[in-house]
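These notes concern the structure reproduced below.
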Amino acid sequence: MSIEKTDFYQNLQVENKKRDAEANKAQGSNELGKDEFMKLLITQMENQDPLKPTDNTEYIAQLAQFSSLEGITNMSSSLEQFGSQLQSTQALQASTLVGRSVQVLADSTQLEEGKPIKGTVELEESASDLSVAVYTGGGEYIGDIALGSREKGDVAFEWDGLDTEGNPFPPGPYQFRAYANRDGENQQEDLYLARNVGSVALNAGERGEIMLNISGMDQAVPLRDVKVIN
């Protein structure tokens, strides 16, 4: 006695739901595995109408679809594992930054006795003359760091904390501003200054990323915004 095609697909759907339920119960998942798929395919072949067999191309198409789906699923799983491993690696690397100095977007930092202040100017366009003005914590101008003509890109600088006569300024907070001269006009540029990392927070911020708590800054800084690790 032959089985009508419509009856077969109804039986196939019932079998599919049954096997899905068993898979959910055993693995806590609603995904169709390779074994389940092959069993369904064999069931389909066994219950087809002998007088109206399903075209071989349909089987090939089903196998191709499953192969493609399996490949995408495996790739997705691999990417998830890679992302998890990458995050773990970043977290481990970030933990080693505690107590170290990193350069972040800022306009002030602390001068420590016997230690120079390091920074980087992010130059958007080339400049005929680039300089970094230095101020006390109270905003009093004390001098410039001349960097000369520079091309577009990051320009590193260092301030030794000494005046023009070689006398050291007292330790404490100092402010910095970078100016690039173009066609006789000074334009202020973004400046990154060295600051110490106090602690690291994982899965923090709006994006659930690695955040660094920087000394002297009210808000944590994402690890991706660090310009230089000194």
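The values are calculated or read from the model by the stated rules, or taken from the named source; none is laboratory data. Keep in mind the model is a prediction, meaning the values are calculated, not measured. Counting neighbours? That spans all protein chains shown, and the Cβs are built from the backbone with ideal geometry, glycine included. Please note that ligands, DNA and RNA were not included when accessible areas were found on the heavy atoms of the full protein model with its side chains. Shrake-Rupley method; radii C 1.70, N 1.55, O 1.52, S 1.80 Å.
Being under 23 Å from residue 105 (Cβ atoms), open to solvent by 90 Å² or more (accessible area, probe 1.4 Å) and of a type outside the set (Asp, Glu) is the filter here; which residues of region 151-184 pass it?
Across region 151-184, the qualifying residue is only 152.
So which residues in region 163-186 are touching a Phe, Trp or Tyr at 6+ places or on another chain (Cβ under 8 Å), modelled with pLDDT of 95 or more and under 14 Å from residue 131 (Cβ atoms)?
176, 177
Mind counting the residues in region 126-150 that are open to solvent by 40 Å² or more (accessible area, probe 1.4 Å), in a strand (DSSP E or B) and closer than 11 Å to residue 181 by Cα?
Of the residues in that region, 4 qualify.
Only one residue in 120, 109 is open to solvent by less than 80 Å² (accessible area, probe 1.4 Å), assigned to a strand (DSSP E or B) and in contact with a Pro (Cβ under 9 Å, 6 or more places away or on another chain). Which one?
Answer to the check: 109.
Kindly evaluate residue 161 against the criterion of being more than 21 Å from the chain's Cα centre (by Cα), small (Gly, Ala, Ser) and farther than 26 Å from residue 125 by Cα.
Yes.
Filter region 210-230 down to residues that are closer than 15 Å to residue 192 by Cβ and either β-branched (Val, Ile, Thr) or not in a loop (DSSP other than H, G, I, E, B) (or both), then give me how many there are.
Residues in region 210-230 being closer than 15 Å to residue 192 by Cβ and either β-branched (Val, Ile, Thr) or not in a loop (DSSP other than H, G, I, E, B) (or both): 10 in total.
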